[in-house]
1. Just to be sure before I move on: is Phe79 surrounded by 14 or more Cβ atoms within 10 Å (Cβ to Cβ) and at pLDDT below 90 in the structure I sent?
2. Identify all residues within segment 113-145 that are part of a helix (DSSP H, G or I) and surrounded by 11 or more Cβ atoms within 10 Å (Cβ to Cβ); write none if there are none.
3. In a loop (DSSP other than H, G, I, E, B), modelled with pLDDT under 95, surrounded by 13 or more Cβ atoms within 10 Å (Cβ to Cβ) and not charged (D, E, K, R), is that true of Leu105?
4. Does segment 28-48 hold any residues that are loosely packed, with under 13 Cβ neighbours inside 10 Å and modelled with pLDDT under 95, and which are they?
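The values are calculated or read from the model by the stated rules, or taken from the named source; none is laboratory data. Please read all numbers here as calculations on a predicted model, not as lab measurements. Here the Cβ positions follow ideal geometry from the backbone for every residue, glycine too, while neighbour counts run over all protein chains shown.
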Amino acid sequence: MLHAAPLPPRKARGGSGRPATEAPVTLRLAASGDEAALALRDHLVPLARERGELEVQRDAVRLVVLRQGALTIGHWTPFNDLSADEASSPGYRHALTQQRSLPDLPYGLDVRHAGQRVLRLLWADDGAREVVEFVRGAWEAEALAL
């Protein structure tokens, strides 16, 4: 079996037979999408809070849902009433958070378009966040137009 070395790239030639001048190419690195997802969150959460309906409030979760056309926006927050068996001291709460191996991300946003989830974002008061799912598409413009 023969193995050929790759050929060097051919130089483009202009009409005069001399090498053509190449136009500069600007490269832009694509971000992971976190900034766009956070911008959507910052736009949609106030709308869900203002116009949404409370669907679930049990245990430690409150879920508000806003339906607008093909979009369904679900926003959940911690419901902070203490149960009878919880101590209210900050030291107790701090000890509980130290027992968890994963960061506590108590706030969330789910966006569905035509029944398909296109965004799931979790975050905490301290700035920690996780973009769990983000499917880019035309739905973003629809959401930002609300």
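1. So Phe79 fits the description; yes.
2. Trp139, Glu140, Glu142, Ala143, Leu144
3. Yes.
4. Those that are loosely packed, with under 13 Cβ neighbours inside 10 Å and modelled with pLDDT under 95: Arg28, Leu29, Ala30, Ala31, Ser32, Glu35.
Yes/no per residue for (1) modelled with pLDDT under 55; (2) more than 24 Å from Ala145 (Cα to Cα):
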{"position": "Ala4", "(1), (2)": "yes, yes"}
{"position": "Leu71", "(1), (2)": "no, no"}
{"position": "Ser89", "(1), (2)": "yes, yes"}
{"position": "His94", "(1), (2)": "no, yes"}
{"position": "Gly115", "(1), (2)": "no, no"}
